[in-house]
Amino acid sequence: SKLAALFEHPLYNTPVPEVTEKDKLFNINPTEKFSLRSSGSDEWVSSSKAETLLPTGKTAYDTYPTWLKFHIGINRYELYPRRDPLLPTLLRDLATQRIVSSVQKSGGTQLKLIMTFPNYGQALFKPMKQTRDQETPIDFFYFSDFERHNAEIAAFHLDRILDFRRIPPVSGRLVNITKEIRDITKDKKLAKTFFISPAGNVCFYGECSYYCSTEHALCGKPDRLEGSMAALLPDKTLAKRRSWRSPWRRSYHKSKKAEWELNPDYCTQVRETPPYDRGHRLLDLIDMTILDFLMGNMDRHHYETFEKFGNDTFLLHLDNGRGFGTHSRDEPSILAPLQQCCSIKKSTYLRLQLLATQPYRLSDVLREALAADPLAPVLAEPHLRALDRRLGKVLVAVGRCLAR
């Protein structure tokens, strides 16, 4: 296993800073137990109402569902640890747990659903809109591209292979539109959009600002539909997140250019502007840039951080559905922050060099990681080969900076 060998490599075993109580997203009562009412109402029961005695050798933490353990594990330095024993269980839960509720997520340009499980865990479902081998047409603007369910799955695994660990876990899943969406939804607006197509397939389109119409309906075969299931982050009422506009945001206009596209010295003013004037925020943003270039994602207008940790924390790499749209061409402008600032974390550079070597080739380790997903093969082979080509271009860009 190349993937196992990669994670055993010394570059993937560097020490993480010690996590103190103030570095944890949540400080929990270690005696609080999690239980579900036997009546089947699927609701929280606090320790005062739960069984006072636990099975021998068990702690209160052992009663928590996997999604809650994931939330509790988030800290200033990482969304989840490198060797996270929870990860296989969490991915399996996303792929197999019974869905008890499906409602449309508000906002956004395309249809997304929030699925709830019996243990109160929740996931964001992005349905399949295109086949694996469809490329984004060359005349499409980045802001009118489809979001791809398989891009969300591949982005999670790529982010982990790069050792960023800033994307919440994502699994593929085959969903029954009739039983797991239409028949159980309490979302009246969503419910009104279901119909049977001329081919006899169950379809729906929801309500959103861009691709929600009968022309862009999502149809099953006859009611089976692929999609990505992403573990939701803690509710914003419990863990506030701050949204930051990316300094290298595109204009989102058909003819206007952004300032960074016109000013080659743009990075100088970014370096003088908070929060990029101190700490590792700019270097974290360049990490995200490299992830986006490898995926071909031009749609990174904002990013988020957990408010509790201020400026000294990682960036969340959310919404990756517009990645992996093209494999036959690369988009060099995505690398503008790296090229204009000529800065990169040493640890990131060393790992990129490692992933360009034969024993740890990026396409090979990602192919292996994706093979375990329920929807494998997640990416068409040309996309995997494009990763190796793009990785070479990132290393050339860093080489030019070193030469300068």
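The values are calculated or read from the model by the stated rules, or taken from the named source; none is laboratory data. Only a predicted model underlies this, so the values are computations on that prediction, with no experimental measurement involved. Neighbour counts run over all protein chains shown; Cβ positions are idealised from the backbone, glycine included. Keep in mind that these areas ignore ligands, DNA and RNA; they rest on the heavy atoms of the full protein, side chains included. Shrake-Rupley method; radii C 1.70, N 1.55, O 1.52, S 1.80 Å.
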Those residues of the stretch 78-95 which are in contact (Cβ under 8 Å) with a residue 40 or more places away in the chain and more than 17 Å from the chain's Cα centre (by Cα), in sequence order: Arg83
Out of Thr131, Thr136, sole residue that is in contact with an Asp or Glu (Cβ under 7 Å, 6 or more places away or on another chain) and either modelled with pLDDT of 95 or more or assigned to a loop (DSSP other than H, G, I, E, B) (or both): Thr136
Complete set of residues in the stretch 343-359 that are within 22 Å of Thr289 (Cβ to Cβ) and not basic (Lys, Arg): Ser343, Ile344, Ser347, Thr348, Tyr349, Leu350, Leu352, Gln353, Leu354, Leu355, Ala356
Please tell me if Leu316 is of a type in the set (A, V, I, L, M, F, W, C) and either open to solvent by less than 50 Å² (accessible area, probe 1.4 Å) or within 18 Å of Leu6 (Cβ to Cβ) (or both). yes
Qualifying residue in the stretch 105-112 (condition: open to solvent by 30 Å² or more (accessible area, probe 1.4 Å) and at pLDDT 90 or above): yes
Considering only helices (runs of 4 or more DSSP H) fully contained in the stretch 160-275, which possess at least 1 residues that are at pLDDT below 95, open to solvent by less than 10 Å² (accessible area, probe 1.4 Å) and closer than 30 Å to Tyr349 by Cα? none
Kindly check whether there is at least one residue in the stretch 84-100 that is hydrophobic (A, V, I, L, M, F, W, C) and more than 25 Å from Phe7 (Cβ to Cβ). yes
Among the residues of the stretch 285-301, are any out of contact with any helix residue (DSSP H, G or I) (no Cβ under 9 Å at 6 or more places or on another chain), modelled with pLDDT of 95 or more and either within 26 Å of Ala397 (Cα to Cα) or not aromatic (Phe, Trp, Tyr) (or both)? no
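Okay, residues lined up against (1) farther than 15 Å from Ala155 by Cβ; (2) open to solvent by 10 Å² or more (accessible area, probe 1.4 Å):
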| residue | (1), (2) |
| --- | --- |
| Phe309 | yes, no |
| Asp312 | yes, yes |
| Gly321 | no, no |
| Pro332 | yes, yes |
| Gln339 | yes, yes |
Pick from the stretch 284-305, criterion open to solvent by less than 10 Å² (accessible area, probe 1.4 Å) and in contact with a strand residue (DSSP E or B) (Cβ under 6 Å, 6 or more places away or on another chain), ranking: nearest to His149 (Cα to Cα): Tyr303
